[in-house]
Every structure is written in C-alpha cells, then in structure tokens.
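Visitor: One structure, pasted below without further comment.
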Amino acid sequence: MFLPASELNLTNIGQQFALGIAAIEAGQTAIEFSQTTSIDSSAVACLLAWKRYAKQQGAQLEFRQLPSNLEHLVALYGVREFL
C-alpha cells in the first residue's frame, strides 16, 4: 500500500503524485494517509488525479485514513463523491 509523505503540499506534490501513479501501475488499490499530517489544497487535486488515473487503468482506488484537515478540504471543495 502506498503511503504518501508526512507533508503533501505544493512543494512536493509532483513527486508524491508520480510515486502514487507508480504504485497504481504496480497494482496497488489503496493509498493510506496514516503518516500524512500536513496538507494543502494541492493534495485534493492530487487525490482526484490519482482516482481518475486508476479509473482509466480499469482499477478501483481507495483512500484510507484521510487526515481531518484533508477531509475538511474535500468537503469544502465538494468533491467527496468523486473520491
């Protein structure tokens, strides 16, 4: 299971996105955020892009243990149904 970095923000989102794509391509079906404590709004875009990529590959992708600050941003942007 792929575990993003403890910080998921504009400074490292490109690297984390690429690592997540590699995990999806390797057949992983879950991304767990148990170690992620610091996020910004770029994390929401990253989740949506991972989900879209997995769907294009014919895979289901699950997000586990979203930190509360990420849950709040997902709700704020109204994208929960897409995740």
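Visitor: When the helix-only estimate is applied to the chain (DSSP H runs of n ≥ 4, each -39,500 (n - 2.57), divided by the residue count), what is the mean residue ellipticity at 222 nm, nearest 500 deg cm²/dmol? Could the numbers behind the result be given before it?
Guide: Details: 3 runs with 38 residues, N = 83.
The per-residue figure over the chain is -14500 deg cm²/dmol.
Visitor: According to a simple spin-label model (label point 7 Å from Cα along Cα-to-Cβ), what is the distance in nm between residue 26 and residue 68?
Guide: 3.2 nm
Visitor: Angle, helix 68-77 long axis vs. longest principal axis of the chain, Cα atoms, 0 to 90°, nearest 10?
Guide: Roughly 80 degrees between the two axes.
Visitor: To continue, here is another question. Taking the Cα-to-Cβ direction at residue 80 and at residue 15 and moving 7 Å from each Cα, how far apart do the two end points lie in nm?
Guide: Placing both labels 7 Å along Cα→Cβ, they lie 3.3 nm apart.
Visitor: I'd like to know which of 1, 69, 37 lies farthest towards the positive end of the charge dipole of the chain, counting +1 on Cβ of Lys and Arg and -1 on Cβ of Asp and Glu.
Guide: 1
Bear in mind that the values in this text are calculations on the coordinates, not laboratory data. Treat the numbers as computed from the prediction; the structure is a model and nothing was measured. No Cβ is skipped: glycine too gets one built from the backbone with ideal geometry, and neighbour counts run over all protein chains shown.
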